[in-house]
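Q: The structure's right below; bear with me while I get my questions together.
Nothing in this text is a laboratory measurement; each read-out follows from the coordinates by a stated rule. Source: prediction; values computed, not measured. As a convention, Cβ positions derive from the backbone with ideal geometry for all residues, glycine included, and neighbour counts pool all protein chains shown.
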Amino acid sequence: MSYERSVSADPHRLSPETVWEVRMPAIRVGADAADELGYQLGQLGLSGDGRGLIVTDSDLVSLGHVDRVADELEADGFDVDVYDGVEREPSIEAVEECIAFVRDEMGEDGYDFYLGLGGGSCMDTAKATRAIVANGGEVLDYVAAPTGAGKNLTESGPPLILLPTTAGTGSEISPVAILSVPEKGIKEGISSTHVRADAAVLDPTLTTTLPPDLTAKTAMDALGHAIEGYTTHQYDDLLRPENPADRPVYAGRTGFTEMFSEKAIDLLSSNVRRVVNNGDDIEARGAMLKGALFGAIAGLTAGASLAHAMAYPVGNNYHTYHGETIAALTPASTLGYNVASDPPRFAKVAEMLGADTSGMSTREAADEAREEFVRLQRDLNVLPSGLNELAGITVDDTGTLAESTVESQQRLLRCNPRPVTKEDVEEVFQDALYNWE
Ligand SMILES: [Fe+2]
């Protein structure tokens, strides 16, 4: 087994990392924060005569959220167009359609500002669209080789504000747009600081329409980010790149990210039952949005690991939602296989999830994190009991899934706090078939 697990770029000096950084959009949080969008655009340098585009999907139009946001902006003097053709887990072609819409309406310069309104798919489409229009060319120019040409983005473009309607993906703060490549059965990310939004507006009144099952699934993604971020390598266990520009997006946990992980695990695990049972509970919806934000600040800077690596081949092959896939995989991976990497740390996770670990040994307490997590999932009553219920996956499929995880997800696997071989991944897939009977 190889212990090569540096997430630093080659060539690197053989010295530990000593530096960490935080980059964040402006963040506005709270009920009816979406009513202050005109003011927020003003802060981003736009006077009330600009023309912007809301990137969203048709469900959010029917639910009235799009009109609400557009009316608010028009009252402040802005002109607003709507692109509602976003598809779930968007393909590169779907983003090209949005870019073509922009160029048809506004020419090569595009709009004066962009809004992404919706779940991760809408936000990622908005992020990629703004970036490609600002930098010219097409999506594949900027997707990593061999799928694309791997060009670097150099421009951020005009202001982009993201308004999540789910509490989960963390796309509102992340520097990545994830796009699927259906013909290859893979997902690719365009990852750059120029992809990150300028501002995020977290308004719980935009999330009350999310149905119970999607509420639970997106929450499991958010919890995954928080726990994976809390249990990944510490930043100075990694190697320092020679050039700061080569410092990876997933740079290990720091005191800063741990603080957010701890708060995220607490907020998400203690409010998710409330929002799944009563979608109109604004206080709990607000807590979930904050929990997802904090989880993203932690997990999407410290680093996601095994569960996220294994989720991509499952999503690509079985077309499952990201959140439900993370839900099915987390007990066996993050809270199963990885526990041996640092039992005292996982014992703390168990406590944060609400488990009573008094009288237990450290190792028993660490294993209790999985028990408590499964208890939470069963209470929610809308989540699959494992990969078998999720997508009919059986033991016969786990070898292929393990192979494609190891082939396509080295970036995430190298961050995993416990080294993994293909055989290990296959065993974890088998363990994730049934989390409960
Ligand atoms: Fe995720």
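Q: Past the 32 Å Cα-Cα mark, which pairs from 217/422; 184/348; 184/422; 127/217; 348/422; 151/263? Kindly include the intermediate steps, with their values, before the conclusion.
A: On the way: 217/422 27 Å; 184/348 40 Å; 184/422 21 Å; 127/217 23 Å; 348/422 29 Å; 151/263 37 Å.
As for pairs spanning more than 32 Å Cα to Cα, those are 184/348; 151/263.
Q: Convex hull over the alpha-carbon atoms of the range 210-431: what's its volume per residue in Å³?
A: Details: hull volume 26.7 nm³, N = 222.
It is 120 Å³ per residue.
Q: For a quick check: with amide H placed at 1.01 Å from N, whose amide H comes under 5 Å from residue 233's, ignoring anything fewer than 5 positions away on the same chain?
A: Amide H neighbours of residue 233: 253.
Q: While we're on this one: Per DSSP H run of at least 4 residues, take -39500 (n - 2.57); add these up for the chain, divide by its residues and hand me the 222 nm value, nearest 500 deg cm²/dmol. Walk me through the numbers on the way to the answer.
A: Working: 17 runs with 202 residues, N = 437.
Rounded to the nearest 500, the figure is -14500 deg cm²/dmol.
Q: What chymotrypsin sites (Phe, Trp or Tyr not before Pro) does the range 397-437 have in DSSP loop regions with at most 13 other beta carbons within 10 Å?
A: Values: sites: 429, 434, 436; in loops: 434, 436.
Within the range 397-437, the qualifying chymotrypsin sites (Phe, Trp or Tyr not before Pro) (loop, at most 13 other Cβ atoms within 10 Å) are 436.
Q: Report the Stokes-Einstein translational diffusion coefficient (µm² s⁻¹, integer) for the range 297-379, Rh taken as the Kirkwood radius over Cα pairs, at 37 °C with viscosity 0.692 mPa s. Could you put the intermediate results ahead of the total?
A: Details: Rh = 13.4 Å.
It comes out at roughly 244 µm²/s.
Q: Right, something else. So, by mean Cβ neighbours within 10 angstrom, what's the order for 170-176, 143-149 with the highest one leading? Spell out each step's value before the answer.
A: Working: 170-176: 24.3, 143-149: 14.1.
The densest-packed peptide leads the list: 170-176, 143-149.
Q: In debye, nearest 20: dipole of the chain around its Cα centre with unit charges on the Cβ of K, R (+) and D, E (-)?
A: Values: 33 positive and 71 negative charges, 270 e Å.
For the chain, the charge dipole is close to 1300 debye.
Q: Filter the GluC sites (Glu not before Pro) in the range 175-256 down to the DSSP loop ones having no more than 14 other Cβ atoms within 10 Å, then list what survives.
A: On the way: sites: 183, 188, 228, 242; in loops: 183, 242.
When the GluC sites (Glu not before Pro) of the range 175-256 are filtered for loop state and at most 14 Cβ neighbours within 10 Å, 183, 242 remain.
Q: Here's another thing I want to ask about it. Looking only at 184, 217, 348, which one moves most when the chain is put into a Gaussian network model with springs between Cα atoms under 10 Å?
A: Taking springs between Cα atoms under 10 Å, the residue moving most is 184.
Q: A further question on this structure: To one decimal place, what Kirkwood hydrodynamic radius in Å is obtained for the chain from all pairs of distinct Cα atoms? Don't skip to the answer; put the middle values down first.
A: On the way: mean 1/r = 0.0458 Å⁻¹.
One over the average 1/r among Cα pairs gives 21.8 Å for the chain.
Q: Choose one of 321, 260, 392: the residue whose Cα lies farthest towards the positive end of the charge dipole of the chain (beta-carbon charges +1 Lys, Arg; -1 Asp, Glu; about the Cα centre).
A: So the residue we want is 260.
Q: Tell me, Kirkwood radius of the range 238-340 from alpha-carbon pair distances, in Å?
A: The Cα-based Kirkwood calculation yields 15.4 Å.
Q: Apply the Karplus curve 6.51 cos²θ - 1.76 cosθ + 1.60, θ = phi - 60°, to the phi angles in the range 93-100 and return the couplings in whole Hz, x for Gly and Pro.
A: Coupling constants for the range 93-100: 5, 5, 5, 4, 5, 5, 5, 5 Hz.
Q: Take the Cα radius of gyration of the range 95-243 and divide it by 2.2 N^0.38 Å, with N its residue count; two decimals is plenty. Don't skip to the end; give the middle numbers.
A: Numbers: Rg = 16.6 Å, N = 149, 2.2 N^0.38 = 14.7 Å.
Cα-based Rg divided by the globular estimate yields 1.12.
Q: Just to confirm the filter: which GluC sites (Glu not before Pro) across the range 62-160 are DSSP coil and have at most 16 other Cβ within 10 angstrom of their Cβ?
A: Taking the range 62-160 and a limit of 16 other Cβ atoms within 10 Å, the loop GluC sites (Glu not before Pro) found are 87, 108, 138, 155.
Q: Could you pull out every residue, at least 5 positions away or on a different chain, whose amide H is within less than 5 Å of the one on residue 27? Hs are placed 1.01 Å off N in the peptide plane, and Pro or chain starts have none.
A: For residue 27, whose amide H was placed from the backbone, the distant partners under 5 Å are 200.
Q: Another question, then. In nm, to one decimal, how far is the modelled label at residue 74 from the one at residue 24, with both set 7 Å along Cα→Cβ?
A: If labels sit at residue 74 and residue 24, their model points lie 3.5 nm apart.
Q: Tell me the angle of helix 282-302 to the major Cα principal axis of the chain, expressed in degrees between 0 and 90 and rounded to the nearest ten.
A: The two axes meet at around 70 degrees.
Q: Okay, moving on. How high is the relative contact order of the chain, given as a whole-number percent (alpha carbon pairs under 8 Å, six or more residues apart)? Walk me through the numbers on the way to the answer.
A: Numbers: 927 pairs, mean separation 70.9, N = 437.
It rounds to 16 percent for the chain.
Q: Is there a quick way to get the dipole size of the range 210-431? I mean about its Cα centre, with the Cβ of Lys and Arg at +1 and of Asp and Glu at -1; what is the value in debye to the nearest 20? Mind showing how you got there, number by number?
A: Working: 19 positive and 33 negative charges, 124 e Å.
That gives the range 210-431 a dipole magnitude of about 600 debye.
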